[in-house]
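Worksheet: one structure, shown below.
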Amino acid sequence: MAHWFHRNPLKATAPVSFNFYGVAGSPAANKICNDLRTTRARLLEMFTDITCNPEIMKNATDAYFSLLQGFIVPLDGTTQENKMRFIQNFKWTDTLQGNTPSAQQDAVFELVSMAFNVAIWYTKFASRLAGKENISEAEAKDVHRSLKVAAGIFKNLKEAHIPRLITPAEKGRDLEPRVIDAYIIQCQAEAQEVTIARAIELKHNATLVAALAFETANFYQKADHTLNTLEPECSSKWRKYLQLKQHFYMAYVSSSLHNKDYYKLGYSRAEALCKDYRQTKGPGSTAKPSEQLFFLKLGGLIKMTLEKCQRENGFIYFHKVPAEAPQLDMKASYGLAEPVPFELPPLSEQCTPEVYATFDLTKGAKNDKAKPKEEEVKPVKEPDLKPQKDTGCIIS
């Protein structure tokens, strides 16, 4: 399953010092600022550390977010905005917009941008783990769960945190509904692919597997349609990937319809889209599904199943094969992937009302004449992982 999944690049960000000279009026307040800087830097390092796993990522995420919430949630016993929320400017690039950053002086913007990157990391971890040779059942479960965790993070950001932004997301940026919806749906569809591969390996009931493949194909179609109004230069490659996955799984479903022509049409479309996808320029790593034994084996499985059905029909049942595929009404009874609910960690014990009261915004004006120069947002150097030999054993 190496290079089976398309992945957009990680978001990049400018360094943040959290040096609030004069404003942080106590040793405890200064310690919070120092810890914010170090936990943020640590979390950013984890995004490109190939030894990082979900447990390490969760610990790094919780360490930073527990402190960052001290600049977001009210700590003075009122319902008013936290006075520290708008003190620091944050810059982030977007997964589809190259190295052009967006900036907001808002701790909520930092929260949703960093959490978005955490979700992207989970999808990349799942892809990397799925690319291992002879992946174990436990590792396959980790792939499945990581994709559902990513979907849960995206969903939580969309519903609970992005609406709180003072400045709405620009069109085509990560935090706007079309983009984040596409990520949610793609994560669910890919998690269901793991279930399908497992079910095929265990020779589960073909009708049940076909129903799940049908639901998965529909997910990919929905994700593709969600992106159809984005600018082609930033979305075409991603959409080609979603389209080829849709046709690939519809080809599997077609084998259960006993329709050879429709099978050939669906699978040939997927093969053509594989080539088209690889030739399309755009952000993200290029998947190579047409070279994977999973793709080739499933094509052979579809053909073998179809020929068996036609042979039995020709000798036994004599049913007329329909010229066109009928409209399907297939509902999967198992295997549908639901996002794992995401919750922020509890507020750090360092962030007390007493310490909060020692932050004095009126004493920050003296630094206005000595503003530091603009920090450059450098692209994230992601590890260049060479795929291992693909044995075709998707899940043991």
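One table, with the values for the structure above:
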| quantity | calculated |
| --- | --- |
| Residue count, the stretch 65-100 (criterion: within 18 Å of Leu175 (Cα to Cα), assigned to a loop (DSSP other than H, G, I, E, B) and either open to solvent by less than 20 Å² (accessible area, probe 1.4 Å) or hydrophobic (A, V, I, L, M, F, W, C) (or both)) | 4 |
| Residue satisfying all of: in the stretch 210-230; touching a residue at least 40 places away in the same chain (Cβ under 8 Å) and among the β-branched types (Val, Ile, Thr); nearest to Cys187 (Cα to Cα) among these | Thr226 |
| Test for Tyr21: is it at pLDDT 95 or above and in contact with a helix residue (DSSP H, G or I) (Cβ under 9 Å, 6 or more places away or on another chain) | no |
| Candidate set from the stretch 344-378 (those that are part of a loop (DSSP other than H, G, I, E, B), modelled with pLDDT of 75 or more and open to solvent by 90 Å² or more (accessible area, probe 1.4 Å)); member that is nearest to Thr95 (Cα to Cα) | Lys378 |
| Every residue from the stretch 101-160 that is of a type in the set (S, T, N, Q) and not in a helix (DSSP H, G or I) | Ser102, Gln104, Gln105, Asn134, Ser136 |
| Conditions (1) more than 30 Å from His161 (Cα to Cα); (2) in contact with a Phe, Trp or Tyr (Cβ under 6 Å, 6 or more places away or on another chain): number failed by Tyr241 | (1) |
| Total residues in the stretch 1-49, condition assigned to a loop (DSSP other than H, G, I, E, B) and either out of contact with any Phe, Trp or Tyr (no Cβ under 8 Å at 6 or more places or on another chain) or within 30 Å of Ser236 (Cα to Cα) (or both) | 22 |
| Residue within the stretch 105-122 that is within 14 Å of the chain's Cα centre (by Cα) and open to solvent by 30 Å² or more (accessible area, probe 1.4 Å) present | no |
| Test: residue in the stretch 50-64 that is among the β-branched types (Val, Ile, Thr) and in a helix (DSSP H, G or I) | yes |
| Number of positions in the stretch 155-198 that are farther than 19 Å from Ala12 by Cβ, open to solvent by less than 10 Å² (accessible area, probe 1.4 Å) and of a type in the set (D, E, K, R) | 2 |
| Lone qualifier among Phe214, Phe219 - being of a type outside the set (Ser, Thr, Tyr), more than 30 Å from Arg85 (Cβ to Cβ) and modelled with pLDDT of 95 or more | Phe219 |
| Subset of the stretch 87-96 (residues that are within 20 Å of Val23 (Cβ to Cβ) and in contact (Cβ under 8 Å) with a residue 24 or more places away in the chain) | Ile87, Gln88, Phe90 |
| Matching residues in the stretch 49-104 - criterion: being out of contact with any Leu (no Cβ under 9 Å at 6 or more places or on another chain), closer than 27 Å to Glu354 by Cβ and β-branched (Val, Ile, Thr) | Thr78, Thr79 |
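The values are calculated or read from the model by the stated rules, or taken from the named source; none is laboratory data. Just so it is clear, the structure is predicted and the values come from calculations on it, not from any experiment. Don't worry about glycine lacking a Cβ; one is built from the backbone with ideal geometry, like all the others, and counts go over all protein chains shown. Quick note on the areas: whole protein, heavy atoms, side chains included, nothing else; ligands and nucleic acids left out. Shrake-Rupley method; radii C 1.70, N 1.55, O 1.52, S 1.80 Å.
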